[in-house]
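Read-outs throughout are calculated quantities, based only on the coordinates presented, and are distinct from any laboratory measurement. Remember, it's a predicted structure, so these values are computed and weren't measured experimentally. Here the Cβ is made from the backbone with ideal geometry for all residues, glycine too, and neighbour counts use every protein chain on show.
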Amino acid sequence: MMSEDNRDRTPAADRFGLDTALAPVLSVAVSLLGLCLLWALAADAWPSRAFPPPGKVWRVLVEETASGELPFHLGMTLARVAAAYVVAMVIGSAIGILLGAYRRADQFFNPWVVLFLNIPALVIIVLAYIWFGLNEAAAIGAVAVNKIPNVVVTMREGARALDPRYAEMAAVYRFSPLDRFRHVLLPQLQPYLAAASRSGIALIWKIVLVVELLGRSNGVGFQIYLYFQLFDVAAILAYTLAFVAVMLFIEILAVQPFERHATRWRRRTA
Amino acid sequence: MQPVGAGAPLRVDIAEKTFRAAEGATITALRGLSFEVRQGEFACLLGPSGCGKTTTLRILLGLDKDFSGSFQLPEGGTDRIAAVFQEPTLLPWRTVEQNVRLALPTERRNTNLDRLFDSLGLSGMRTFYPSELSLGLARRAALARAFATEPAVLLLDEPFASLDEQTAERLRHLLLDVWSARPTTALMVTHNLREALMLSDRLIVLSSRPGHVLGVFDVRLPRQYRNPQVMSDLLRSFHEKFPGVR
């Protein structure tokens, strides 16, 4: 799609487009290739079962994918990440906006937020499993509860930064509640939502692995625990890298285009 | 739509409006402010800066409810109120056209706005975002939004402030054109006497703080006869009546 756009442009614009679109991709590729090379050299210099070379990890990755094991566990983990992310963003945003809008409520609940921010993820997970049993809801809930305080803090900042002039304009012109939400509130909160999402995804997938390790019988976390007991470092790295790659693709193919669309009005200036 | 001209006037009777500062100090912005704007009349609220003109508009817009007294808005037509704020206050993330349509009630969202955009010279700008407009064009878009709602009363808060005189003059004529096409009860805040004499049927002159009405100056002459000669006559008779007011 991007290359098609470029084809239609004038040569000058084309070069500009290549500079902005391809240069970062190229530099990322070169940088990752350098890391792989360093890894291969190091594995060659200190050969050990606990430090496999990249080629071995790649072979395990291919085998596990072919057997269907890796896609299944990857899918389970992704589903949990997605569910926990949605729950955390919705609940965290709602609480954050309310606290940002009402100073009294904020004064009362701020200590709660600080408390939850500082409870270790492990404690929440263990308590969730004890109280609610070793089930999917407890697992996803525990991950969401870990993330919610961060979302609250970010969205509270966003709600404090809301411009009252837009709210007044919406009141004078009798915007419906839905219109206010869609056209006045959400666009103003968009940068904060983006920030909360970014840090959220990264944090959530790490916690999901712990949740899977402690109380689930599938998912990347469960597999990593399995291969830890087998002392199979190549498989551990294969699963980790596969998941990181998937997250990277989500970032490039979904998050970034969406952000470009959401901020289109900001980039085009006369 | 109900014919324009029927219905009640805009009646304002504010006993007192006080602001409390954070340290407990109080400032009385308005005291005993009462005036009336007849149906379909264009009135200007004229006064020195800080005399509570904007505060009055905010009260009428329902944005400030902490005052003593009462007011009555004209009824009829869409029964709506429209405002042109000091800043254009367009949603930066929506195009000019979306900004205008969002202000309309849902059942009129798809109404034809070609003539309105045309008359304000905005036809080519409908898909532009506000950040791509000059201040003058953004003000026109704000005017388009106000007129598109076909309000029962139109409140304008120094809509031509911080524009160069040439642009402001062109905008004043545009405002008159759109307003004449559908005369709406209008109240405009300004501290520009010449502008007020050119645009309005009635000037309501406010004192300095706490603001109250010093007097009313009616301009009965139709606007098309207000040439430079007539304007200087109007200015002279205004100064005779209100010697202290610039």
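The magnitude of the dipole of segment A:118-176, with charges of +1 and -1 set on the Cβ of Lys/Arg and Asp/Glu and taken from the Cα centre, is near 140 debye. Each of B:Gln229, A:Thr77, A:Ile130 was placed along the dipole of the protein assembly as shown (beta-carbon charges, centred on the mean Cα), and the one lying farthest toward the positive end is B:Gln229.
Here the alpha carbons of segment A:126-270 define both size measures, Rg and Dmax, at 20.4, 67 Å. For the protein assembly as shown, the dipole from Cβ point charges (+1 on Lys and Arg, -1 on Asp and Glu) about the Cα centre works out to 780 debye, to the nearest 20. Applying 1/(1 + (r/R0)^6) with R0 = 56 Å to the Cβ-Cβ distance of A:Leu38 and B:Gln86 gives a FRET efficiency near 0.40. Computed 3J(HN,Hα) for segment B:161-171, one whole-Hz value per residue from the Karplus formula 6.51 cos²θ - 1.76 cosθ + 1.60 where θ = phi - 60°, is 5, 6, 10, 5, 4, 4, 4, 4, 5, 5, 5, glycine and proline marked x.
What's the FRET efficiency of A:Glu157 with A:Ala254 using the Cβ-Cβ distance as r and R₀ = 30 Å, to the nearest 0.05? Taking R0 as 30 Å, the efficiency between A:Glu157 and A:Ala254 is 0.75. Shown here is the pair-distance distribution of the protein assembly as shown: with all Cα-Cα distances grouped in 20 Å bins from zero up to the longest one, the shares run 17, 37, 26, 15, 4, 0 percent. When the charge dipole of the protein assembly as shown is built from unit charges on Cβ atoms (+1 for Lys and Arg, -1 for Asp and Glu) and taken about the Cα centre, the candidate among A:Trp39, B:Thr106, B:Phe147 whose Cα reaches farthest toward its positive end is B:Phe147. Relative contact order of chain A, taken over Cα pairs closer than 8 Å and 6 or more residues apart, is 24 percent. For the pair segment B:28-54 and segment A:78-152, the centres of their Cα atoms are 52 angstrom apart.
Each Lys and Arg adds +1 at its Cβ and each Asp and Glu adds -1 at its Cβ; summed about the Cα centre, segment A:139-219 shows a dipole of about 40 debye.
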